[in-house]
Each structure stands twice: as C-alpha cells, then as structure tokens.
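> Quick one: this structure, given as structure tokens, is what I'll be asking you about.
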Amino acid sequence: MTNRLREWVLILSIGFGVFGNLVGGYEFDETEYHFNTTETLSLLEASSAAAAPKPLLVGLTLIPGAAAKGAVCLDGTLPGYHLHRGFESGSNSWLIQLEGGGWCNTIRSCVYRKTTRRGSSNRFEKQLAFTGILSNKAEENPDFFNWNRVKVRYCDGASFAGDSEDKANNLQFRGQKIWLAAMEELMSQGMRNADQALLSGCSAGGLASILHCDEFHSLFSGSTKVKCLADAGMFMDAVDVSGGHTLRDMYEGVVTLQGVAKNLSPTCLNQLNPTSCFFPQHVVPNIKTPMFILNAAYDSWQVLSSLSAPSADPSGVWKACQKNPGNCSPSQMNYLQDFRNQMLDALKGFSKSTQNGLFVNSCFAHCQTERQDTWFADDSPVINNKAIALAVGDWFFDRSSVKETDCPYPCDKSCHNLLFR
C-alpha cells in the first residue's frame with residue numbers, strides 16, 4: 001500500500017455499543033464510516049489491497065474456574081481471552097491488550113448489553129484477527145511481533161473495575177474480579193516468568209489500562225520491566241456543546257451502578273469524588289509505573305458521543321461537523337481546538353516525567369494501535385516522521401524519549417480521519 005489515499009467504506013462498531021447509553025437508552029452498535037487521507041483509491045482497489053495479507057486468527061479460551069471466584073460476565077458466563085504464544089527472543093515477553101467496548105450506566109443499558117458480545121461470552125467471536133500491535137509479522141509490528149500477545153475480552157461494562165450485582169435483573173458487575181482472574185490465569189500460563197511486560201488497551205480498555213497500571217506492575221518481581229500503554233483512553237471531563245456534562249453524567253451512572261468506587265485510586269479518592277476518579281485526567285498524575293498515552297486530539301468517539309451527543313445537540317447543529325471536520329464552522333472548530341487544549345493541559349504534568357511517553361496527533365480518530373493502517377503501514381499517521389509503532393517501541397525499550405504533540409488541525413496530512421456517512 002502506497003501513500004496514495006485510501007478511502008474505505010467499512011462497517012465497524014466505532015461507537016463500541018455505547019452511543020445508546022448516552023442518548024436516552026436507545027442502542028445501536030454499528031456505524032458506517034470511511035477513512036480519508038489525501039487522494040482517492042477506488043473501492044475495488046481498496047478491497048483487493050485490504051484482502052492481500054490475511055491476518056492471524058487466534059482462538060478463544062474461556063477462563064476455567066473463574067465462576068468459582070465470582071469472575072463472570074454481565075450475564076454470569078465465563079470471561080475469556082485470546083493468546084498467541086511468543087517465540088524466539090520474545091518467548092518471555094508479554095503484551096496484554098484489554099478489549100474496549102464502552103460502558104453501561106443504567107439497568108436498561110446493562111440488560112441490553114448482556115445480550116451482546118460486550119456482556120456475554122456466549123456471544124464472543126470464537127476467533128479474533130490479531131492486527132496492529134497484536135500482529136505476528138515483523139513488517140507490521142516491528143517491536144512486539146514475537147511476544148506472547150493476549151487480547152482479554154471485555155464483558156462487564158465498567159472498564160474491568162466494577163464489583164457489584166443486581167439480582168432482580170440477573171446482572172453481575174464483576175469487572176474487577178474478571179481482571180484478577182485473567183491476570184491469575186495468564187500468570188499460570190507463563191507470564192509470571194516474564195522478562196518484560198506491557199499492559200495495553202484501546203478505548204474503554206485504554207481507560208482500564210490506566211486504572212489497573214500500578215496493579216499490573218505489582219504482579220511482577222522487581223527484575224521484570226513493566227510499562228503500560230493507553231490508546232484512546234484519555235476520556236475528558238469536558239463541557240459539552242450545550243454547556244452540560246454528558247460524559248460525567250454517564251460515568252456517574254457507571255460508577256454508582258457497578259460498585260466501581262472501591263477499586264479506584266485511593267490517592268485520587270482522598271481529593272475527589274469517585275466519578276472524578278474514573279476520569280483519566282485525575283488518575284494519570286498519580287501512576288507510578290511508566291505509562292504511554294496515545295490519543296487523537298479530536299477523539300472521534302468523544303466528539304460524537306460526549307461533546308455533541310444528540311442529548312446535547314437535539315437540533316442537529318453539529319451533525320455535518322460530526323461527519324467530517326471539513327464541514328465544521330469556525331465557531332465549531334474553535335470549540336474543538338479548545339477541547340484539544342484541555343487535553344494537552346491535562347497531560348502537562350504527566351509528560352514532564354522522563355519515564356512517560358506521549359503521542360497526541362491532531363486527528364479525528366479513535367483507537368490507533370489495533371488497526372494496521374494506523375499502527376504501522378506505508379502511510380501510517382506520523383508526528384515528526386515517526387509512526388505510532390516506532391514511537392511506542394522507542395519509549396518501551398528506552399531508545400529515546402517520546403513526547404510527541406501534533407500541531408493543531410488541519411496541519412497533519414498523515415491522519416486517517418474517521419468520516420461518517
């Protein structure tokens with residue numbers, strides 16, 4: 001694939017099943033969108049190019065004995081993971097990717113969620129494609145291709161952090177116990193002997209990586225190199241376009257309903273309420289383990305579902321801007337630039353630490369580690385000519401300091417923006 005534009009029309013759950021949680025309980029899981037860079041390939045060319053290398057398919061393993069520990073999905077089924085074994089120099093290195101997929105904040109939304117793959121292992125795919133940071137090909141994943149790579153499935157709805165239940169509606173909110181059972185299982189599979197380990201995650205999984213980073217580090221002896229990566233997990237406690245707090249209101253429901261407070265950072269809770277301590281901006285300053293924050297400055301999920309959700313924009317003034325940043329009015333773009341500034345301000349203290357890494361590109365995107373085109377390809381997004389995969393590798397292996405912050409939109413022509421139809 002060359003640097004010519006690829007414009008692909010795909011069906012993908014970019015909303016990760018949470019749009020409904022933000023707009024009055026109405027649910028939908030799939031949205032049509034296409035990626036855009038700078039020129040146009042025909043759909044026929046794009047589909048044939050995309051079909052060329054077949055990705056590695058990795059089978060599902062359910063965690064035996066998890067139910068006895070109370071570690072179950074929303075509907076009471078067993079949690080699971082996908083593991084592809086490392087080889088050669090990566091045999092004793094482990095990369096754990098926590099799956100994303102939004103949250104559920106009400107009984108209604110959680111009852112619906114347990115009928116989907118986000119709440120029941122009965123609905124899990126039996127195989128998942130390992131691409132991007134999970135790929136086993138050096139040309140697609142130069143630093144982690146031969147590691148033990150794991151995708152931990154997400155079926156609780158609170159970023160692996162809840163611990164409660166609702167017996168009347170047969171709902172189990174056991175994210176924290178799922179996390180613990182998964183880590184215990186992987187330690188028994190050889191992770192306890194790891195020379196190096198990286199906890200990663202995308203979206204709600206990126207938030208989970210932040211929330212569990214120090215806990216992950218504590219699993220290992222002092223001789224193991226341990227770091228964490230959060231992709232699209234920097235969800236901001238921002239004022240929406242109506243002056244309200246759409247995401248804060250939703251998070252309050254998640255934290256309260258699912259009993260999350262007891263599993264949040266004690267340092268944060270000494271200063272702020274539990275809902276505030278579910279927001280990464282109040283957690284990352286206290287993380288002791290080396291952490292890498294990867295985020296689009298104009299995170300497409302936050303633009304659509306937090307900043308300009310239908311509840312905040314009932315008249316649809318933001319609809320055209322949501323679909324394509326090129327359609328945004330000057331005042332709308334000023335609002336989005338202010339959102340970018342808020343994110344960068346929230347990360348100022350974090351980025352000063354020499355052990356941390358940062359890559360904030362000025363794209364309208366969401367989750368860039370698991371997609372091959374954004375992680376590492378001929379025309380991947382770059383800052384200062386450095387692709388995301390190389391930036392993460394340089395940081396993890398201490399080859400160089402990585403504190404990459406993009407110039408404001410629209411200066412970055414390497415973005416793979418998500419454009420919605």
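> Hey, how many Å between the Cα centroid of segment 289-328 and the Cα centroid of segment 63-122?
Comparing the Cα centres of segment 289-328 and segment 63-122, I get a distance of 27 Å.
> Would you mind classifying segment 335-390 by shape? Square roots of the alpha carbon gyration tensor eigenvalues, ordered a ≥ b ≥ c; an a/c under 1.5 is rounded, otherwise it is prolate if a/b is larger than b/c and oblate if not.
It is oblate, given that a/c is not under 1.5 and a/b is not larger than b/c.
> I've got another one for you. Using just the alpha carbons, could you tell me how many Å³ per residue the convex hull of the chain encloses?
131
> Note down the net charge around SER276, summing +1 for each Lys or Arg and -1 for each Asp or Glu among other residues with Cβ under 9 Å from its Cβ.
Once positives and negatives cancel, what remains is 0.
> When the Debye formula is applied to the Cα atoms of segment 202-317, each taken as the same point scatterer, what base-10 log of I(q)/I(0) results at q = 0.14 Å⁻¹?
Log10 of I(q)/I(0), two decimals: -0.62.
> Per the Cauchy relation, a quarter of the hull surface: what is the mean projected area of the convex hull of the alpha carbons in segment 52-193, in nm²?
The directionally averaged projection comes out at 8.8 nm².
> Let me ask another. Using R₀ = 25 Å, calculate the FRET efficiency as 1/(1 + (r/R₀)^6) where r is the Cβ-Cβ separation of ASP378 and GLN337; round to 0.05.
E between ASP378 and GLN337, to the nearest 0.05, is 0.25.
> Same structure, new question: Roughly how many debye, to the nearest 20, is the charge dipole of the chain about its Cα centre, given +1 on each Lys and Arg Cβ, -1 on each Asp and Glu Cβ, and no other charges?
Its charge dipole is roughly 640 debye.
> Could I ask something else about it? As an exercise, identify the trypsin sites (Lys or Arg not before Pro) in segment 336-420 lying in DSSP coil whose Cβ has no more than 12 other Cβ atoms within 10 Å.
Here the sparse-neighbourhood loop sites are ARG399, LYS413.
> Let me ask another. Looking at this model, which pairs from LYS137/LYS227; LYS54/LYS413; LYS151/LYS262; LYS114/LYS413; LYS69/LYS114 are more than 30 angstrom apart at the alpha-carbon?
Where the Cα-Cα span goes over 30 Å, the pairs concerned are LYS114/LYS413.
> So, in nm, how far is label ARG108 from label GLN189 when the simple model puts each one 7 Å beyond its Cα toward the Cβ?
3.8
> Please identify which residues in segment 248-276 have an amide N closer than 20 Å to a label point set 7 Å out from the Cα of ALA168, following the Cα→Cβ vector.
253-260
> Points 7 angstrom from Cα along the Cβ direction at SER400 and GLU125: gap in nanometres?
Each label point is offset 7 Å from its Cα along the Cβ direction, giving 3.4 nm.
> OK, next. Count the DSSP beta bridges whose two residues both fall in the chain, then state the antiparallel fraction as a percent rounded to the nearest 5.
Expressed as a percentage, antiparallel bridges in the chain total about 45.
> Taking Cβ-Cβ under 4.7 Å as the only way to count a partner, pick out the unpartnered cysteines of the chain.
Lone cysteines by the Cβ rule: none at all.
> Moving to a separate point now. Give the separation of the Cα centroids, segment 234-269 to segment 134-170, in Å.
The two parts, judged by their Cα centres, are 21 Å apart.
> Using θ = phi - 60° and the Karplus curve 6.51 cos²θ - 1.76 cosθ + 1.60, what whole-Hz ³J(HN,Hα) does each residue of segment 363-375 get, with Gly and Pro shown as x?
Ordered by residue, 3J(HN,Hα) equals 10, 9, 9, 7, 6, 10, 8, 8, 8, 4, 5, 9, 6 Hz.
> Here is a follow-up. Label segment 148-260 by shape, choosing from rounded, prolate and oblate, from the square roots a ≥ b ≥ c of the eigenvalues of the Cα gyration tensor; if a/c is under 1.5 it is rounded, and otherwise prolate applies when a/b is larger than b/c, oblate when it is not.
Cα axes put segment 148-260 in the oblate bin.
> Counting only helical runs of four or more DSSP H residues, what would the 222 nm mean residue ellipticity of the chain come to if each run contributes -39,500 (n - 2.57) and the total is spread over all its residues?
That comes out to -7000 deg cm²/dmol.
> Over the Cα atoms of segment 102-171, how large are the radius of gyration and the largest Cα-Cα distance (Dmax), in Å?
When restricted to Cα atoms, segment 102-171 yields Rg and Dmax of 16.1, 51 Å.
> Between GLU139 and LYS225, what's the calculated FRET efficiency when r is the beta-carbon distance and R0 is 30 Å? Round to 0.05.
Approximately 0.75, to the nearest 0.05.
> Would you tally the net charge around ASN295, using a Cβ to Cβ cut-off of less than 13 Å, leaving ASN295 out, and scoring K and R as +1, D and E as -1?
So the environment of ASN295 carries a net charge of -3.
> Moving on to the next point. Go through segment 60-134 and name the trypsin sites (Lys or Arg not before Pro) that are in a DSSP coil and have 11 or fewer other Cβ atoms within 10 Å of their Cβ.
Filter output for segment 60-134: LYS126.
> So, one more: Just the number please: accessible area per residue for the chain, 1.4 Å probe, all protein chains included, in Å².
I get 38 Å² per residue for this part.
> In vacuo Debye scattering of segment 277-343, one point per C-alpha: log10 I(q)/I(0) at q = 0.13 Å⁻¹?
-0.45
> Let me ask something else about it. Would you mind calculating the gained length between SER218 and GLN271 on full extension (0.36 nm times residue separation, minus the Cα-Cα distance), in nm to one decimal?
Length gained between SER218 and GLN271: 16.7 nm.
> Another question about this same structure. Please report the relative contact order for the chain, taking Cα pairs under 8 Å with a sequence separation of at least 6, and give it as a percent rounded to a whole number.
17 percent.
> Can you check what the Kirkwood hydrodynamic radius comes to for segment 303-421, Cα pairs only, in Å to one decimal?
15.7
> A further question on this structure: Please give the contour-minus-distance gain from LYS69 to ARG85: 0.36 nm per residue of separation, less the Cα-Cα distance, rounded to one decimal in nm.
That pair, LYS69 and ARG85, stretches by 3.2 nm at full extension.
> Rank GLU88, GLU185, GLU140 by mean-square fluctuation in a GNM of the chain with C-alpha springs under 10 angstrom and give only the top-ranked residue.
Residue with maximal mean-square fluctuation among GLU88, GLU185, GLU140: GLU88.
The values are calculated or read from the model by the stated rules, or taken from the named source; none is laboratory data. As the structure is a computational prediction, the values presented were derived from the model and not from experiment. Positions of Cβ are backbone-derived with ideal geometry, glycine not excepted, and every protein chain shown enters the neighbour counts. To get the accessible areas, we keep the full protein, side chains included, count just its heavy atoms, and leave off ligands, DNA and RNA. Shrake-Rupley method; radii C 1.70, N 1.55, O 1.52, S 1.80 Å.
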